[in-house]
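The values are calculated or read from the model by the stated rules, or taken from the named source; none is laboratory data. For clarity, every value in this text was computed on a predicted model and none was experimentally measured. Note: ideal-geometry Cβ built from the backbone for every residue, glycine included; neighbour counts use all protein chains shown.
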Amino acid sequence: MSRRSTFRELVDDRNLLVMPGAYDGLSARIIEAEGFHALVAGGYAAIGSMMGEPDGGQSNMRDMVDHYARIVGAVEIPVYVDADTGFGGVHNVAKAVRALEATGAAGLFFSDQVFPNRCGYLPGKQVVPVEVMLARIAAALDARTDARFFIGTRTDCLSLTGLDDAIERCQMFVEAGVDMAKPQGADTRAQIARSMAEIPGPHFATLSQAAGNHPTGLEGMRELGVAAVTMPSISLFAAAQGVRRAIAKLAATGSAADLADQLMPLPEYYELVGLDAFQSREKSYDDRAAAIVARRKRASI
């Protein structure tokens with residue numbers, strides 16, 4: 001079964017699909033190795049890891065496509081990616097959908113913010129008129145070549161104009177044909193329950209470190225019947241904390257002798273990155289090449 005079909009089955013399943021966020025290929029492999037069935041890759045983690053900056057939309061479509069392609073290529077599980085606003089007008093949206101589909105991602109989501117996009121939990125957001133977003137959606141759906149490729153949307157208007165407007169926008173997004181529409185920032189149990197009751201299709205919630213303490217945990221989401229939850233920045237924050245602790249200890253002690261408890265053991269790292277399989281592939285190719293040369297030599301005798 002393809003990763004896209006698998007992703008749709010996971011979303012349709014009655015169990016809550018938990019998708020931790022990966023910021024690069026290595027964090028994606030860790031998520032997969034720990035038994036998660038899908039993961040998300042978002043712009044907040046991408047900008048933080050690639051640039052060491054807050055997510056204000058200061059990258060471009062090609063950089064993000066390359067970044068997501070490396071994450072998709074590192075794992076076998078479905079990867080759901082963040083397409084920001086679609087990176088511009090309707091023609092940009094179409095190109096983004098085609099390019100992200102070509103990475104092998106299971107699906108994408110994009111928002112109704114003005115371009116350039118910024119993290120939905122940062123101040124200074126603006127949204128486009130709903131007609132502009134509906135045009136983006138039409139372009140995205142027309143650009144999709146694989147019907148299994150999941151196209152999700154979100155509105156960032158809740159903090160600007162309220163939940164009523166956010167729900168109405170999501171209803172129109174679904175009517176336009178997307179697979180999922182969510183009101184970003186609808187985080188309380190009451191907001192989630194109302195969104196699920198009034199917006200057709202699966203509900204995707206977000207548990208982001210950028211939001212601070214979240215009012216509804218995973219157990220609450222399971223009780224509400226949420227289809228999926230993304231945790232887009234968990235790996236980024238975990239890695240930042242881990243690196244800081246190790247480097248701070250190095251700076252404080254001036255010695256690398258006491259860092260073992262801060263670092264992944266070498267055998268575990270090689271297992272994670274697949275060193276044995278890597279070397280086996282090299283040997284198999286060398287053996288095949290040697291066999292061809294040996295046959296030629298025998299034939300010439």
Original post:
When you go through (1) without any contact (Cβ under 8 Å) to a residue 40 or more places away in the chain; (2) buried (at least 21 other Cβ atoms within 10 Å of the Cβ) one by one for residue 107, which number turns out not to apply?
Top reply: (1)
**OP:** Considering each of 189, 144 in turn, give the residue that is in contact (Cβ under 8 Å) with a residue 40 or more places away in the chain and either among the basic types (Lys, Arg) or not assigned by TED's automatic domain parsing to the domain that holds residue 79 (or both).
**Re:** 144
**OP:** State whether one or more residues within region 42-51 are over 14 Å from residue 234 (Cα atoms) and in contact with a His (Cβ under 6 Å, 6 or more places away or on another chain).
**Re:** no
Original post:
Where residues in region 33-54 are without any contact (Cβ under 8 Å) to a residue 60 or more places away in the chain and in a helix (DSSP H, G or I), which of them is farthest from the chain's Cα centre (by Cα)?
Top reply: 51
Subject >> Answer residue from region 221-261, given it is β-branched (Val, Ile, Thr) and part of a helix (DSSP H, G or I) and is surrounded by the most Cβ atoms within 10 Å (Cβ to Cβ) among those >> reply: 234
Original post:
Would you pick out the residues in region 1-54 that are among the polar types (S, T, N, Q) and crowded, with 17+ Cβ neighbours inside 10 Å?
Top reply: 6, 27, 49
Original post:
Which one of 109, 115 is under 22 Å from residue 98 (Cα atoms), at pLDDT below 95 and either touching a Ser or Thr at 6+ places or on another chain (Cβ under 7 Å) or of a type in the set (A, V, I, L, M) (or both)?
Top reply: 115
Original post:
Looking at (1) modelled with pLDDT of 95 or more; (2) hydrophobic (A, V, I, L, M, F, W, C); (3) closer than 20 Å to residue 115 by Cβ, can you tell me which one residue 51 breaks?
Top reply: (1)
**OP:** Please work out if residue 222 is among the charged types (D, E, K, R), within 22 Å of the chain's Cα centre (by Cα), assigned by TED's automatic domain parsing to the domain that holds residue 15 and closer than 30 Å to residue 169 by Cβ.
**Re:** yes
Original post:
What number of residues within region 131-187 are within 18 Å of residue 113 (Cβ to Cβ) and in contact with an Asp or Glu (Cβ under 7 Å, 6 or more places away or on another chain)?
Top reply: 9
**OP:** Tell me, please, whether a residue that is over 30 Å from residue 272 (Cβ atoms), of a type outside the set (Val, Ile, Thr) and assigned by TED's automatic domain parsing to the domain that holds residue 20 can be found in region 70-78.
**Re:** no
Original post:
Here are some conditions: (1) surrounded by fewer than 19 Cβ atoms within 10 Å (Cβ to Cβ); (2) modelled with pLDDT of 95 or more; (3) outside any helix (DSSP H, G or I). Residue 57 meets all but one. Which one does it not meet?
Top reply: (2)
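Residues of region 119-143 being touching a helix residue (DSSP H, G or I) at 6+ places or on another chain (Cβ under 6 Å) and farther than 14 Å from residue 85 by Cα, which ones?
Residues satisfying the conditions are 121, 143.
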Original post:
Can you tell me which residues in region 60-96 are outside any helix (DSSP H, G or I), without any contact (Cβ under 8 Å) to a residue 60 or more places away in the chain and either in contact with a strand residue (DSSP E or B) (Cβ under 6 Å, 6 or more places away or on another chain) or under 30 Å from residue 35 (Cα atoms) (or both)?
Top reply: 75, 81, 83, 84, 85, 86
